[in-house]
Amino acid sequence: MANWQGLIKEYSELLPVSEETPKLTLHEGDTPLIRLDSLSEKYEADLYAKVEGANPTGSFKDRGMVMAVAKAKEAGAHTVICASTGNTSASAAAYASRAGLNTIVVIPEGKIALGKLAQAMMYGAKIVSIEGNFDEALKIVRRIAEEKDDITLVNSVNPYRLEGQKTAAFEVVDVLGKAPDYLTIPVGNAGNISAYWKGFKEYDEKKSCGLPKMFGFEAEGAAAIVNDEIIPQPETVATAIRIGNPASWSLAVAARDESGGTIEAVTDDEILAAYELLAGTEGIFAEPGSNAGVAGLIRSLENGKIEKGSTVVTVLTGNGLKDPETAIEQITQKPKVLPNDEDQIIEYIESISKD
Ligand code: F0G
């Protein structure tokens, strides 16, 4: 089997790259599209998950970051900077470390999942943790990048980020042989829904593969687009999408309206129920933020906004291992602690094996 070469090489024709662009890669992309067998059967539809947690740093951010960091290096930057709810910082730090650039990340204190913080630290980022939220962090890094020529902003307002991220839409179409009827996706800073829509449109122009209806889902406590107003103090268990003033707001609204889709809010309870259901019935552990899209999928199937018989892809944006604390808090069935007594242990195991 041919060894996948990463996005810059595999999609050179469809990305703004040239001979001068460094061939940076951690072999991102080519992620699995897994059929959700038990949910498909339950709802009489053909449901798939695009498992972006299979990317090198465990989230979809790698698709955009490989492009943003390669282009920063090509342009002669020595440092990349970003604000982040966690995944962007992990990805930026990984690609910058590989490209020989420095990384500075600004994060909201206490609101970053443990795995993401560990990653950014290991990859050698300089981390500034502020007593503010993501939106405030983004405002600060935008200002710094505007003032300093050799520092490149790698948040999704950097256009190369969306270019890289659009490749996930190409992969979905290549596997299904056509666009799905619907795409359900979590919405935070609103870059990814915009990138998928760009990807589907570009592929449709080339291959007449059709277009999906884009169904985006914000967390209820951070639902700026749904409420059509900035949320100054966003709150949700899904810290990845705890964002009250999405940078790609208007692009996301355009994706919704051009595709005939919707952007709705899901509650933390719906997110956590989907989180447990997906891991417990499909064997796929995706982080809470990713499950906003799954919660929205389930609701849309139940209320008929997505009809029976539809082909639907839900984007699982990040790996569940990113946020072990939420997983352990959420699950009521805790490990059974027993003394080191062989007979007692065997007796207990026999009793549970009949459940
Ligand atoms: N899912 C996960 C796991 C994320 O980390 C993010 C965003 C989203 C969904 C939402 O994507 O912002 O393109 O609408 N995380 C950013 C970060 C903000 O800093 O890691 P979006």
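The values are calculated or read from the model by the stated rules, or taken from the named source; none is laboratory data. Keep in mind that what you see is a predicted model, and the values were worked out from it rather than measured. Ideal geometry is used to build each Cβ from the backbone, glycine not excepted, and the neighbour counts take in all protein chains shown. Surface areas here come from the heavy atoms of the whole protein model, side chains and all, with no ligands, DNA or RNA. Shrake-Rupley method; radii C 1.70, N 1.55, O 1.52, S 1.80 Å.
Less than 13 Å Cβ to Cβ from Glu307, Lys/Arg counted +1 and Asp/Glu -1: what total charge do the surrounding residues give?
After counting each charged neighbour, the total is -1.
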*Just check region 191-316 against the gyration tensor rule for me: Cα atoms, a ≥ b ≥ c as the square roots of the eigenvalues, rounded for a/c under 1.5, and otherwise prolate or oblate depending on whether a/b exceeds b/c.*
oblate
*Mind listing the long-range amide H neighbours of Thr314? Cut-off is under 5 Å, sequence gap 5 or more, other chains count too, H placed in the peptide plane at 1.01 Å from N.*
Tyr48, Ala49, Lys50, Thr184
*Cα-based shape type of region 172-212, given that a ≥ b ≥ c are square roots of the gyration tensor eigenvalues and the cut on a/c is 1.5*: prolate
*So, with a 1.4 angstrom probe, what is the percent of accessible area on region 240-316 that is carbon and sulfur?*
50 percent
*Let me have the relative contact order for region 1-81, percent, based on Cα pairs under 8 Å that are six or more residues apart.*
29 percent
*Which three semi-axes in whole Å describe the equivalent ellipsoid of region 189-255, each the square root of 5 times a Cα gyration tensor eigenvalue, listed largest first?*
27, 10, 9
*Mean separation of Cα contacts under 8 Å (6+ apart) over length of region 19-150, as relative contact order %*: 21 percent
_Sort 140-147, 94-101 by packing, meaning the average of other beta carbons within 10 Å per residue, with the highest value first._
94-101, 140-147
*If you roll a 1.4 Å probe over region 124-223 with all protein chains in place, what percent of the accessible area is carbon or sulfur?*
47 percent
_More than 38 angstrom apart: percent of Cα pairs within the chain_ = 16 percent
*Excluding Ile185 itself, calculate the net charge of residues whose Cβ lies under 12 Å from the Cβ of Ile185, where each Lys or Arg counts +1 and each Asp or Glu counts -1.*
0
*So what's region 105-158 giving for Rg/Rh, alpha carbon basis, Kirkwood Rh from the mean inverse pair distance?*
0.97
*Taking Cα pairs under 8 Å and at least six residues apart, what relative contact order does region 172-318 come out at, in percent?*
30 percent
_Whole-number accessible area per residue in Å² for the chain, which is evaluated in the context of all protein chains at 1.4 Å_ = 44 Å²
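Mind ordering 313-321, 122-130 by average Cβ neighbours within 10 Å, highest first?
Highest-to-lowest ranking by the protection proxy: 313-321, 122-130.
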*Of all DSSP beta bridges in the chain, antiparallel share, percent nearest 5*: 15 percent
_How charged is the neighbourhood of Ala93? Take every other residue with its Cβ under 12 Å from the Cβ of Ala93, and add Lys/Arg as +1 and Asp/Glu as -1._
+3
*Enumerate the whole-percent occupancy of each 5 Å bin, from 0 to the last occupied one, for all C-alpha pair distances of region 49-114.*
4, 19, 28, 23, 16, 8, 3, 0
*When only the heavy atoms of the protein chains count and the probe is 1.4 Å, how do Met121, Met65 rank by accessible area, highest first?*
Met121, Met65
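Highest mean first, what order results for 256-264, 268-276 on Cβ atoms within 10 Å?
Numbers: 256-264: 17.6, 268-276: 20.0.
Result, highest mean Cβ count within 10 Å first: 268-276, 256-264.
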